[in-house]
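The values are calculated or read from the model by the stated rules, or taken from the named source; none is laboratory data. Computed from a prediction, not measured in an experiment: that's the story for all the values here. Note: ideal-geometry Cβ built from the backbone for every residue, glycine included; neighbour counts use all protein chains shown.
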Amino acid sequence: MVPPPATPPAKLNNSREAIYAAVKQIPKGKVATYGQIARLAGIPNGARQVGYALSALDGANLFKPDQPIPWQRVVNRLGEISYSFSRGGGDDLQRALLESEGIVFDAAGKIDLGVYLWAAEK
């Protein structure tokens, strides 16, 4: 079986820019899901690609409160932070940043998407 052709670098950069543009729209005190951002960025079934794009952000900037891309506002479809060993404490930071914006987690670590999900318009 022949593997599919690799995505050209220019297309990856355009996809990332579309993802970042969508994430920048999420207002303070709201969250969006990876799938929601993928749809807004014009990438159907691209939730994983959103995760990759957010993980590619400059690590030093993630810890700045004025980070221009509010990466912390993107959660999984269950209203949870998608924990990863590769983020080296970024998961705890994500929760702290969301809580500082007034977002409440329940005892199981979930966000009530009925309350906090951003109602984005395309």
First in the stretch 36-55 and surrounded by 21 or more Cβ atoms within 10 Å (Cβ to Cβ), second anywhere and part of a loop (DSSP other than H, G, I, E, B) and not aliphatic (A, V, I, L, M), Cβ under 6 Å, 6 or more apart
A38/G46
Members of the stretch 70-86 that are at pLDDT below 95, of a type outside the set (G, A, S) and farther than 17 Å from E99 by Cβ
F85
Please go through the stretch 97-117 and pick out each residue that is hydroxyl-bearing (S, T, Y) and surrounded by 16 or more Cβ atoms within 10 Å (Cβ to Cβ).
Y116
